Amino acid sequence: MNPFVSESRADHSLSSKPGTVGSYDFFYFVQTWPAAYCDTKRGCCYPKTGKPAQDFGIHGLWPNSNNGSYPHDCDPKNPFDKSKIAGLIKRMQLDWPTLSCPSGDGFKFWGHEWNKHGTCSENVLNQQSYFQTTLDFKIKSNILHHLANAKIYPNDGFYKTVDVEAAIEKGLGVAPYIDCNYDKLGVNQLYEVYICVNKIAKAFVQCPVMPYAGRCATRIQFKTFV
Ligand code: AMP
């Protein structure tokens with residue numbers, strides 16, 4: 001097994017012990033391609049605010065350790081409080097859309113992300129700055145633009161995974177991790193893009209460790225979402 005690839009992110013439901021605030025080395029900033037979330041066997045439900053745009057949506061900003069493990073649910077005393085993000089709701093709806101069923105307004109998804117991941121870095125980012133910083137990373141990453149520069153479009157075409165990685169690395173200066181899933185017919189497709197962020201949540205960095213090994217085939221489909 002590649003020692004630089006951790007399986008820990010696959011173990012979501014198995015890791016049970018609550019983590020310690022600040023016990024992480026970097027973040028994964030994770031964005032989801034909505035068509036690939038939706039066209040699986042599980043399916044999806046569009047948010048109450050309507051179908052999201054054809055763009056990457058934020059999944060979360062996840063503190064992670066260099067050894068591949070990650071803390072979670074670090075501070076039950078500081079649960080998600082929607083009043084703290086009152087000024088961000090419009091941007092959250094646009095750039096951090098919920099896709100799970102039944103259709104929601106987003107607060108459940110955002111609350112899950114704060115309670116599970118955000119509390120573990122509350123030494124650096126409070127609730128307001130956790131969401132604001134993550135929204136700003138979405139703008140800064142501009143993934144669709146970097147892919148388009150390499151003529152990689154969400155047009156149901158098949159692209160080499162290495163070309164997708166190279167296009168994003170060329171645009172950002174750091175290598176992403178690309179995760180894939182399977183549609184209802186078993187077609188392997190671009191699903192999520194991971195970019196690493198330094199511990200103080202200020203800059204993209206090369207990933208000290210990648211999340212899991214090999215869910216993308218050599219060639220993957222980039223699904224259209226219109
Ligand atoms: P996490 O625990 O942060 O890894 O996120 C996984 C959970 O978030 C699962 O319960 C997913 O169903 C849910 N999830 C992931 N992406 C979305 C999304 N775009 N909308 C709603 N829920 C999501």
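The values are calculated or read from the model by the stated rules, or taken from the named source; none is laboratory data. The structure displayed is predicted, hence computed values, not measured ones. Every residue, glycine as well, gets a Cβ built from its backbone with ideal geometry; the counts of neighbours run over all protein chains shown. These accessible areas exclude ligands, DNA and RNA; they are computed on the full protein's heavy atoms, side chains included. Shrake-Rupley method; radii C 1.70, N 1.55, O 1.52, S 1.80 Å.
In table form, for the structure just shown:
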item	result
Output for the stretch 56-93, where each listed residue is surrounded by fewer than 17 Cβ atoms within 10 Å (Cβ to Cβ) and in contact with a Pro (Cβ under 8 Å, 6 or more places away or on another chain)	Asn66, Asp73, Pro76
Hits in the stretch 111-122 (condition: near the ligand (Cβ under 8 Å from one of its atoms) and either under 19 Å from Cys45 (Cα atoms) or over 17 Å from the mean Cα position of the chain (by Cα) (or both))	His112, Glu113
Output for the stretch 49-67, where each listed residue is more than 9 Å from the ligand (Cβ to nearest atom) and in contact (Cβ under 8 Å) with a residue 12 or more places away in the chain	Thr49, Ala53, Gln54, Asp55, Phe56, Leu61, Pro63, Asn64, Ser65, Asn66, Asn67
Wholly within the stretch 155-226, strands (runs of 3 or more DSSP E) carrying at least 2 residues that are loosely packed, with under 15 Cβ neighbours inside 10 Å and either among the polar types (S, T, N, Q) or touching a His at 6+ places or on another chain (Cβ under 8 Å) (or both)	none
The lone exception for Thr98 - which of (1) within 14 Å of the chain's Cα centre (by Cα); (2) part of a loop (DSSP other than H, G, I, E, B); (3) more than 12 Å from the ligand (Cβ to nearest atom) it fails	(3)
Residue in the stretch 102-110 that is without any contact (Cβ under 8 Å) to a residue 12 or more places away in the chain, within 13 Å of the ligand (Cβ to nearest atom) and either charged (D, E, K, R) or open to solvent by 40 Å² or more (accessible area, probe 1.4 Å) (or both) present	yes
Positions within the stretch 133-154 being of a type in the set (A, V, I, L, M) and assigned to a helix (DSSP H, G or I), in sequence order	Leu135, Ile139, Ile143, Leu144, Leu147, Ala148
